[in-house]
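The values are calculated or read from the model by the stated rules, or taken from the named source; none is laboratory data. Just so it is clear, the structure is predicted and the values come from calculations on it, not from any experiment. Using ideal geometry, Cβ is built from the backbone for each residue, glycine included, and neighbour counts are taken over all protein chains shown. SASA here: full protein model, heavy atoms, side chains in, ligands and nucleic acids out. Shrake-Rupley method; radii C 1.70, N 1.55, O 1.52, S 1.80 Å.
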Amino acid sequence: MESDDRFIKLLKPGVFIISLFPLLWLAVQAVTSGFGANPIERMLHHMGDWALNFLMITIAISPLQRLTGLTWPMRLRRMTGLFSFFYATLHVFTYVALDQFFAWGAILEDVIKHKRIIIGFVSYVLLVPLTVTSTNRMVKRIGFKRWQALHRLVYLSAIGGVIHFLWLVKIDIRKPLIYAGILAVLLGFRIVSKLLKKEEKI
Amino acid sequence: MLIKWPSDIKSSKITDKELYLNRRQFMAMAASVAVTGLITEPEVRAGQKLPVVKRGQFSVIEKQTSFESASTYNNFYEFTTDKDNVARLARNFRTRPWTVSTMGHIKKSGVFDIDSIIKMFPLEERVYRFRCVEAWSMVIPWVGFPLGDFIKKCCEPTSKARYVKFTTLLDPEQMPGQRRKIIDWPYVEGLRMDEAMHPLTLLSVGMYGEVLPNQNGAPLRLVVPWKYGFKSIKSIVKISFEEKMPVSSWMKSSPDEYGFYANVNPDVDHPRWSQARERRIGELRKSKTLMFNGYKEQVSGMYKGMDFKKFF
């Protein structure tokens, strides 16, 4: 149907632009009301939030398709995954450049000594091979089965990201717990689906 | 009733504050015009000047944090854990009538009206460094008087009084954050007797030459500049004199992270983050944290021989 074709054609560019809104929001804030008393902290939290948000969205796409029967969400998964890496990179860059001002000694010490930084760092690094192997060419090169196995690392990255959040918050763990809840549902869905498939086979 | 005296504000600071207050007044007026079609007088908020008599004693000569930052970036979990929202949520906080009760191992226990406390002693301005345990800091011109003066005049502690315990108001109706047990409300803090009597320890009723804004702990708060900010308890209603060391709210919430003394110490990290550096609000780069927040000369005598890793 023509309207479907048009929808598909507009889907990717549309989602791309919407995915840039969190960045646009920061720019608007910078020009109007400013970032408040602690701008670097606000930027750090904003980027971290959106890295996690896009991770959750990415992991939600497969269950969404299975529950609704829609097929177009899967077309967006590479993009949402890459945006997760995008915001995570901005988050790390804000930490290294603005928060620590490239004080490599202090950064190294933070990474080694403080568990919240260790796990944050590991969660970020896990996204790198996923980003590098995100292209169609890469899927062909390593073969779909191996690619699929590799990309299961996204679960570890998401879990690590949530724990990173939990460990850096002073005492109000509401927001990290919400993310943990969402992730538990998304992962739980997959576990249940797998178990049901096994039962069917038998 | 407060006597209005002309205040000695440095010209470089005037612009920040006037712009900030005028902006809010304009918006309040605009809003009332929109609703009623009439221009009504905007309510007077924390803008009343205080009669500051003494200046300079114990003050640091560092760039003061802007009033806007100091009054819009607040850790006051009684309202919310969101620093940017405390000012808004504390807008209608009632600071009158307000009483402060004194009790415990003292000869004269009593209930004081806040306005009588404000008039008791000549008000001083003290420009203190303020260092939060989260590793951000400010330089704030507090207005108040030494806690020691209040204790000497109004309490007369007995020999059994080894610690002073402070309690914040408990009022979940006005303070929405208290509806959740994120901390075992009401907020409690304490000082050793010598710390309480130290000339640096301030009972504060104002900042930047004016009455304390609600979000900064109105109408009465403590300021203990050589300790982490959470020791500087806000909106005090009770001061009691105890024999045993009080367990402060943060000690109760997370005993391996927050101790009784909470002296600023760059060499003793928080279990989850470093305390070696701090973000001075308003500055781009972090700065080195100083031992006892730069008040080493004035306070280190109280902690001779203390193991700081054990007594944090």
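Looking only at the range B:279-300, filter to residues that are within 13 Å of chain A (Cβ to nearest Cβ) and in contact with a helix residue (DSSP H, G or I) (Cβ under 9 Å, 6 or more places away or on another chain); which one of those is nearest to A:Trp104 (Cα to Cα)?
Going through the qualifying residues, I end up with B:Lys286.
Check off (1) among the polar types (S, T, N, Q); (2) within 9 Å of the chain's Cα centre (by Cα); (3) within 14 Å of chain A (Cβ to nearest Cβ) for B:Ser253 and give me the number that stays unchecked.
B:Ser253 satisfies all of (1) among the polar types (S, T, N, Q); (2) within 9 Å of the chain's Cα centre (by Cα); (3) within 14 Å of chain A (Cβ to nearest Cβ) except (2).
For the range A:88-107, give me the residue count where each residue is among the hydroxyl-bearing types (Ser, Thr, Tyr) and out of contact with any Leu (no Cβ under 8 Å at 6 or more places or on another chain).
1
List the residue pairs whose Cβ atoms are under 8 Å apart, where the first residue sits in the range A:60-76 and is within 14 Å of A:Ser193 (Cβ to Cβ), the second is open to solvent by 80 Å² or more (accessible area, probe 1.4 Å) and in a loop (DSSP other than H, G, I, E, B), and the two are 6 or more positions apart or on different chains.
A:Gln65/A:Thr71
Taking the range A:172-184 only, how many residues are open to solvent by 40 Å² or more (accessible area, probe 1.4 Å) and either closer than 21 Å to B:Phe76 by Cα or among the β-branched types (Val, Ile, Thr) (or both)?
5
B:Val143: more than 14 Å from chain A (Cβ to nearest Cβ) and either among the acidic types (Asp, Glu) or farther than 20 Å from B:Met175 by Cβ (or both), yes or no?
yes
So if I check each of B:Gly259, B:Gly294, which one is under 22 Å from A:Ile171 (Cβ atoms), under 20 Å from the mean Cα position of the chain (by Cα) and of a type in the set (Gly, Ala, Ser)?
Just one listed residue meets the conditions, B:Gly259.
With respect to the numbered conditions (1) surrounded by fewer than 15 Cβ atoms within 10 Å (Cβ to Cβ); (2) among the polar types (S, T, N, Q); (3) not in a helix (DSSP H, G or I), which one is the sole condition not fulfilled by A:Gln148?
Single failed check for A:Gln148: (3).
Check the range A:93-106 and report whether any residue there is at pLDDT 95 or above and open to solvent by 40 Å² or more (accessible area, probe 1.4 Å).
Scanning the range A:93-106 turns up at least one residue that is at pLDDT 95 or above and open to solvent by 40 Å² or more (accessible area, probe 1.4 Å).
On the basis of being out of contact with any Gly (no Cβ under 7 Å at 6 or more places or on another chain), within 23 Å of A:Gly161 (Cβ to Cβ), touching a residue at least 24 places away in the same chain (Cβ under 8 Å) and within 14 Å of another protein chain (Cβ to nearest Cβ), does A:Met56 make the cut?
no
If the Cβ limit is 8 Å and pairs must be 6+ apart or interchain, which residue in the range A:166-179 that is touching a residue at least 12 places away in the same chain (Cβ under 8 Å) and more than 12 Å from every other protein chain (Cβ to nearest Cβ) pairs with which residue that is surrounded by 15 or more Cβ atoms within 10 Å (Cβ to Cβ) and among the aromatic types (Phe, Trp, Tyr)?
A:Pro176/A:Phe165; A:Tyr179/A:Phe165
Could you pull out the residue among A:Val128, A:Val154, A:Val122 that is in contact (Cβ under 8 Å) with a residue 60 or more places away in the chain, surrounded by 12 or more Cβ atoms within 10 Å (Cβ to Cβ) and farther than 30 Å from B:Tyr77 by Cβ?
After ruling out the rest, the residue left standing is A:Val154.
I'd like to check something: does the range A:89-112 contain any residue that is in contact with a Lys or Arg (Cβ under 6 Å, 6 or more places away or on another chain) and either more than 14 Å from chain B (Cβ to nearest Cβ) or not in a helix (DSSP H, G or I) (or both)?
yes
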